[in-house]
Amino acid sequence: MATIRSYEKTESAYLDAAFLGSMGVDVRVIDARGEGGRAVGITEPVIKLEVPDDQAKEAIEWLAKQEKAEVPVYTPAFDPTWNTDDLQVFLKVLLVCNLGYYALLVLYGQLFAPSPPPEVAAFLDSLSFSDDLWDFAYISNWPLVSLSVLANVLCLFQSKTGRLLFAVCTIWGLITALGPPPQIFGPWWNFICCLAFTGNNIALALMYWSPLRQKFDRKSEPGAMKQ
C-alpha cells in the first residue's frame, strides 16, 4: 500500500476517501491517534490515506482535479469609493466652464467671427444638409443658448428641473447641429468647442449616473428643503 496524503483532521481524510471511493479507487484511512497519539519528536503523520500501489498515481490525479474544481474563482469587481464632495466640486467647475463657453460664443459671433466673402458664404450655404434643419437651427439659436444658460445656473443649485432642462438642451443642441451648413472656424475655436461639448456630456453623466443624482432627486422630495 502507498500513502498518498496525510492530514491534521480526520474529517478531511474521510471526505477525500469518500471521493476516491466514488471514483473506483480502493482507499483506506489510517488513524493512529488511537494508539496514543503523536509522541514528541515523531514526524510521521498519524492520519493518512493509503491506496494500492497500482492506483496511487490515479488517486493523486483525482485529488488534484478535485482541489482545482473547489478553488473559488474571484472575479475582480470595480467598486470605486465615491467622494461626493469632490464630484460636486468637479460638476460645478464644468457648469461654470459651460457658462464661460456661452459667453465666448456670444462674443465670438459678434466680435471675433469675421464674415466670409459673399461668394464663399453662398457656396457654404449651398452645402447645407437640409434647408428645414437649417431654418430650425437658425430660429433655435438664441432660445437654445438662453435656456442652456438657465439650465446651467439651475444645476449649480442642484435643481431637478434644471437637470431635466440641461438634458433637453443637450439633445436639442445635437439636433440643431445638423442644420447649419459647413462653416469656417479657427483651430483654437474648434478646440474650445470640443472641450465644451465633452464637458457638457460629462456634466450630464454626473447628474444622472453618479451618486450626485441623489442630491438632485432629494431637492424634489417633500420637506427636503427644510432639513
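The values are calculated or read from the model by the stated rules, or taken from the named source; none is laboratory data. Because the structure is predicted, anything quoted here is derived from the model rather than measured. Ideal geometry is used to build each Cβ from the backbone, glycine not excepted, and the neighbour counts take in all protein chains shown. Note: areas computed on protein heavy atoms with side chains; ligands, DNA, RNA excluded. Shrake-Rupley method; radii C 1.70, N 1.55, O 1.52, S 1.80 Å.
Laid out as a table, the results:
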item: Residue count, region 14-44 (criterion: at pLDDT 80 or above, assigned to a helix (DSSP H, G or I) and not charged (D, E, K, R)); result: 8
item: Residue in region 183-191 that is over 20 Å from L133 (Cα atoms), open to solvent by less than 100 Å² (accessible area, probe 1.4 Å), assigned to a helix (DSSP H, G or I) and out of contact with any Pro (no Cβ under 9 Å at 6 or more places or on another chain) present; result: yes
item: Residues located in region 192-211, provided they are polar (S, T, N, Q) and open to solvent by 40 Å² or more (accessible area, probe 1.4 Å); result: T198, N201
item: Which numbered condition L206 fails, given (1) under 20 Å from L99 (Cβ atoms); (2) touching a Gly at 6+ places or on another chain (Cβ under 7 Å); (3) of a type in the set (A, V, I, L, M, F, W, C); result: (2)
item: Residue list for region 141-182, restricted to those being small (G, A, S) and part of a helix (DSSP H, G or I); result: S146, S148, A151, G162, A167, G173
item: Whichever residue in region 132-143 is buried (at least 16 other Cβ atoms within 10 Å of the Cβ) and within 23 Å of G100 (Cα to Cα) and, among such residues, is modelled with the highest pLDDT; result: S140
item: Candidates S159, S146 - the one that is of a type in the set (G, A, S) and open to solvent by 50 Å² or more (accessible area, probe 1.4 Å); result: S146
item: Identity of the residue in region 121-131, touching a residue at least 40 places away in the same chain (Cβ under 8 Å) and part of a helix (DSSP H, G or I), that ends up surrounded by the fewest Cβ atoms within 10 Å (Cβ to Cβ); result: D125
